[in-house]
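Have a look at the structure below, then the notes.
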């Protein structure tokens, strides 16, 4: 019986020590390192203005529908752009529902951007990303939206293109992926007083 309680005592002690290390010390060390060296990323890559107002995260799309804004990719997350319900539609290439949705989106995109019936539409303009929250659009998508945004804001297309370039993220490590335009950052830049000059 003594040996049994000795084993139990050792197991309980080991459990408490591991709980202290794994559930206390380790998380605090990781938290400290992240807050010291990666504060912005650790706190959600938030976009904060000079007055301290948070406008959103650089990593999450938001729904913009007004003509004066660049529009993000469609979203299948919850009721649209719901970060608490991130997901894709799970519809495959043989899905009639997906094909119908894409046809409707292509027609709507051409109409709102004044494109001809034969103008190719970028895939990212009519399909949702896997998360439904992809914050970027392709350069081609931004180029096609530029005339609409410039007209709605009374700006020159050159000024809007300049802002697009300033809010374009390059390839990862200089070679991976394609450049993308962060829609939230671009729309905030368009709303800034300096964009009107």
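The values are calculated or read from the model by the stated rules, or taken from the named source; none is laboratory data. Because the structure is a prediction, the values reported are computed rather than measured. For neighbour counting, all protein chains shown are included, and Cβ atoms are generated from backbone atoms with ideal geometry for every residue, glycine included.
Of all the listed residues (124, 178), the sole one being part of a loop (DSSP other than H, G, I, E, B), assigned by TED's automatic domain parsing to the domain that holds residue 103, in contact (Cβ under 8 Å) with a residue 40 or more places away in the chain and in contact with a strand residue (DSSP E or B) (Cβ under 7 Å, 6 or more places away or on another chain) is 178.
How many residues does region 15-61 hold that are over 24 Å from residue 129 (Cβ atoms) and part of a helix (DSSP H, G or I)? Total meeting the criteria: 24. Is it the case, given these coordinates, that residue 67 is surrounded by 13 or more Cβ atoms within 10 Å (Cβ to Cβ), under 25 Å from residue 191 (Cβ atoms) and either modelled with pLDDT of 90 or more or not assigned by TED's automatic domain parsing to the domain that holds residue 181 (or both)? When the stated conditions are applied, residue 67 passes them.
Note on region 181-197: residues that are assigned to a helix (DSSP H, G or I) and either free of Cβ contacts under 8 Å to residues at least 12 places away in the same chain or touching a strand residue (DSSP E or B) at 6+ places or on another chain (Cβ under 8 Å) (or both) total 7.
Every residue, every condition in (1) within 24 Å of the chain's Cα centre (by Cα); (2) surrounded by fewer than 16 Cβ atoms within 10 Å (Cβ to Cβ); (3) in a helix (DSSP H, G or I), yes or no:
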{"residue": "106", "(1), (2), (3)": "yes, no, yes"}
{"residue": "116", "(1), (2), (3)": "no, yes, no"}
{"residue": "129", "(1), (2), (3)": "yes, no, no"}
{"residue": "134", "(1), (2), (3)": "yes, no, no"}
{"residue": "152", "(1), (2), (3)": "no, yes, yes"}
{"residue": "163", "(1), (2), (3)": "yes, no, yes"}
